[in-house]
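Chemist: What follows is a structure written as structure tokens; I'll ask about it next.
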Amino acid sequence: MPLPEGPLSTLGERSFGVYVHVPFCSVRCGYCDFNTYTADELGEGATRATYADTAIVEIERAGRELVGAPPVETVFFGGGTPTQLPSDALVRMLAAVRDAFGLTDDVEVTTEANPDSVTPQSLAALREGGFNRISFGVQSAVPHVLATLDRTHDPAGVPQAVRWAREAGFEQLSVDLIYGTPGESMDDWRASVEQAIELEPDHISAYALIVEDGTAFARKVRRGEVAMPDDDETADKYVLADELFSAAGLDWYELSNWARDEAAQCRHNVLYWRSANWWGVGPGAHSHVGGERWWNVKHPAAYAQRLAAGESPRHGGESIDAATARMEQIMLETRLRAGLEIDSLGPAARAAIPDVVARGLADVHRDRLVLTRSGRLLADAVVRELVE
């Protein structure tokens, strides 16, 4: 089903990005609720060998549907583990995005990767093919924590993978961490943060472990095999990370993200937080263009079958009304260090601001509301007070 003309007419008013979902993993991590699969979970028509060709069909459809779209400013390959595919497959998909829409001169092109899923040769091929940013899923520097998370890499090999990426010429390098894993001590977390800093990345993401329904972790919690993360200890770990990152010259720009400077911020994620426009390619991928949001069928085999039959992989969608857009703006922009524009809020939300400030949860900088560190720890509660 094509998009209405209204959203298409406003497409050039905001940044435009493309997300490419690669749903393959070597092991399904117990905490993960993303739309990912190991090789033995998938049937015919959804293999690693054929995936790039299938995704390119959707990219070409997108190019025909969004005729006149502005050049793409950011491309993000996520998953899953995109580097489970050969580098030439990822480069071909990026080339298809370039052919369909064009890329800006300063385009940011990111791939996620596990430290044990890259080689000097694969990284060099990605860089030559147009990728200029890489995000390594490090999660922890402590073997027993990685084992609990079902991560497969040896933490001793992480510096080597980072060095290879630097030698290949990647302009920006990011490291992802997770805190709050059952059995992770404060010393364990400190060791992970300190190792991440020693890698001298341009960017670090640190996320609290969330036990999602339907995951192996949730089942273990129900059976009493592992304990739910303690909220107070999780907050202490966030504070420790923020202190150490700041001391190392990495400043927060979003609740869970720190960067050396503005140029090192993940522009693709900022595009999400600013409710800009993006097309999501792949099974289960979500898209947003001009107030229209839609999502693809989840299973890779069904996704491949639809495209092979000349059909859209779209599974559902919705139009975002003004009230929903305002609520989402508050939810997303409150997370940013740039803060939330006060004049954009309704009367009830503005009336709540003095109390939020008096409790030390936020400050007012010129015309924007910016969370303090205490406010960052209670961001969801602050949002609830601001949403009318």
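Readers should treat all values here as calculations from the given coordinates under stated rules, not as data from a laboratory. Keep in mind it's a predicted model, so treat the numbers as computed, not measured. Because the Cβ atoms are built from the backbone with ideal geometry, glycine has one as well, and the counts that use them run over all protein chains shown.
Chemist: Hey, fewest Cβ within 10 Å first, where do 187, 154 land in order? Before the final figure, lay out the partial values.
Modeler: On the way: 187 9, 154 12.
Least to most surrounded, the residues fall as 187, 154.
Chemist: Here's something else I'd like to know. Under the rule a/c < 1.5 gives rounded, and otherwise a/b versus b/c splits prolate from oblate, where does the range 225-272 land using the Cα gyration tensor? Kindly include the intermediate steps, with their values, before the conclusion.
Modeler: Values: a/c = 3.72, a/b = 1.69, b/c = 2.20.
Here the range 225-272 falls in the oblate category.
Chemist: Please list, in order along the range 331-338, the HN-Hα scalar couplings obtained from phi with the Karplus expression 6.51 cos²θ - 1.76 cosθ + 1.60 (θ = phi - 60°), rounded to whole Hz, x for Gly and Pro.
Modeler: 4, 8, 6, 4, 6, 8, 5, 5
Chemist: State, to one decimal in nm, how far the label point of residue 348 lies from the label point of residue 366, with both points 7 Å from Cα in the Cβ direction.
Modeler: Label at residue 348, label at residue 366, 3.0 nm between them.
Chemist: Let me ask you something else. Given axes a ≥ b ≥ c from the Cα gyration tensor, I'd like to know whether the range 323-386 is rounded (a/c under 1.5), prolate (a/b larger than b/c) or oblate.
Modeler: Working: a/c = 1.39, a/b = 1.28, b/c = 1.09.
Cα axes put the range 323-386 in the rounded bin.
Chemist: From the helices alone, meaning DSSP H stretches of at least four residues, give me the mean residue ellipticity at 222 nm for the chain, per-run term -39500 (n - 2.57), in deg cm²/dmol to the nearest 500. Don't jump to the answer; show the numbers that get you there.
Modeler: Values: 15 runs with 154 residues, N = 388.
For the chain, the value works out to -12000 deg cm²/dmol.
Chemist: So, one more: Among 170, 271, 240, which residue has its Cα positioned farthest towards the positive end of the charge dipole of the chain, with +1 placed on the Cβ of Lys and Arg, -1 on the Cβ of Asp and Glu, and the dipole taken about the Cα centre?
Modeler: Farthest towards the positive end: 271.
Chemist: About its Cα centre, how strong a charge dipole does the chain have in debye, to the nearest 20, once Lys and Arg get +1 and Asp and Glu get -1 at the Cβ?
Modeler: With Lys and Arg at +1 and Asp and Glu at -1, about 540 debye.
Chemist: In the chain, if the dipole is taken from +1 on Lys/Arg beta carbons and -1 on Asp/Glu beta carbons about the Cα centre, which of 296, 79, 186 is farthest to the positive end?
Modeler: Positive-end residue among those listed: 296.
Chemist: Nothing charged except the Cβ atoms of Lys and Arg (+1) and of Asp and Glu (-1): what's the magnitude of the dipole of the range 167-208 about its Cα centre? Round to the nearest 20 debye. Intermediate values should be presented prior to the final figure.
Modeler: Details: 1 positive and 10 negative charges, 39 e Å.
Using only the charged Cβ atoms, the result is roughly 180 debye.
Chemist: Turning to a different aspect of this structure: Using each residue's phi in the range 230-244, evaluate 6.51 cos²θ - 1.76 cosθ + 1.60 at θ = phi - 60° and report the 3J(HN,Hα) Karplus result to the nearest Hz, with x for Gly and Pro.
Modeler: Going residue by residue, I get 7, 4, 5, 5, 4, 5, 4, 5, 4, 4, 4, 4, 4, 5, 6 Hz, with x marking Gly and Pro.
Chemist: Binning at 10 Å from 0, report for the range 46-112 what percent of all alpha-carbon pair distances ends up in each bin.
Modeler: Spelled out bin by bin, the range 46-112 gives 21, 53, 25, 2 percent.
Chemist: Continuing with the same structure: Most exposed first by the Cβ proxy, i.e. fewest other Cβ within 10 Å, how do 118, 357 rank?
Modeler: On the way: 118 22, 357 15.
In increasing order of surrounding Cβ atoms, one gets 357, 118.
Chemist: Let me ask something else about it. About its Cα centre, how strong a charge dipole does the range 111-179 have in debye, to the nearest 20, once Lys and Arg get +1 and Asp and Glu get -1 at the Cβ? Present the calculation step by step, with values, prior to reporting the outcome.
Modeler: Numbers: 5 positive and 8 negative charges, 26 e Å.
So the magnitude is around 120 debye.
Chemist: If you keep only loop residues by DSSP, which GluC sites (Glu not before Pro) in the range 170-275 have at most 16 other Cβ atoms within 10 Å of their Cβ?
Modeler: Numbers: sites: 171, 184, 194, 198, 212, 225, 233, 243, 254, 262; in loops: 171, 184, 212, 225.
Taking the range 170-275 and a limit of 16 other Cβ atoms within 10 Å, the loop GluC sites (Glu not before Pro) found are 171, 212, 225.
Chemist: Please return the longest range in the chain lying between exposed loop sites, taking trypsin sites (Lys or Arg not before Pro), DSSP loop only, at most 12 other beta-carbon atoms within 10 Å, and leaving the sites out. Mind showing how you got there, number by number?
Modeler: Details: sites that count: 223, 366.
Answer from the scan: 1-222.
Chemist: Could you tell me which residue out of 329, 308, 203 lies farthest along the dipole of the chain toward its positive end? Charges go on the beta carbon: Lys and Arg +1, Asp and Glu -1, centred on the Cα centre.
Modeler: Checked the options; the winner is 308.
Chemist: Could you pull out every residue, at least 5 positions away or on a different chain, whose amide H is within less than 5 Å of the one on residue 372? Hs are placed 1.01 Å off N in the peptide plane, and Pro or chain starts have none.
Modeler: 362, 363
Chemist: Turning to a different aspect of this structure: If amide H atoms are built 1.01 Å from N in the plane of the peptide, which residues on other chains or at least 5 residues away come under 5 Å of the amide H of residue 103?
Modeler: The list, which skips near neighbours in sequence, is 72.
Chemist: Could I ask something else about it? For Cα pairs less than 8 Å apart in space and 6+ apart in sequence, what is the mean separation divided by the residue count of the chain, i.e. the relative contact order in percent? Write out the running numbers ahead of the final one.
Modeler: Values: 681 pairs, mean separation 64.1, N = 388.
Value for the chain: 17 percent.
Chemist: Just for the Cα atoms in the chain, what are the lengths along the principal axes, largest first, rounded to whole Å?
Modeler: Each principal axis gives a Cα extent; for the chain these are 58, 51, 44 Å.
Chemist: Apply the Karplus parameterisation 6.51 cos²θ - 1.76 cosθ + 1.60, with θ equal to phi minus 60°, to every residue of the range 82-89 and state each ³J(HN,Hα) to the nearest whole Hz, in sequence, with x for glycine and proline.
Modeler: For the range 82-89, the Karplus curve yields x, 6, 5, 8, x, 4, 5, 5 Hz.
Chemist: Based on a Kirkwood Rh over C-alpha pairs, give the Stokes-Einstein translational diffusion coefficient of the range 166-301 at 4 °C and viscosity 1.567 mPa s in µm²/s. Can you show the working numbers first?
Modeler: Numbers: Rh = 17.3 Å.
The Stokes-Einstein estimate is 75 µm²/s.
Chemist: A further question follows. Most exposed first by the Cβ proxy, i.e. fewest other Cβ within 10 Å, how do 204, 353 rank?
Modeler: Working: 204 27, 353 18.
Exposure proxy ranking, most exposed first: 353, 204.
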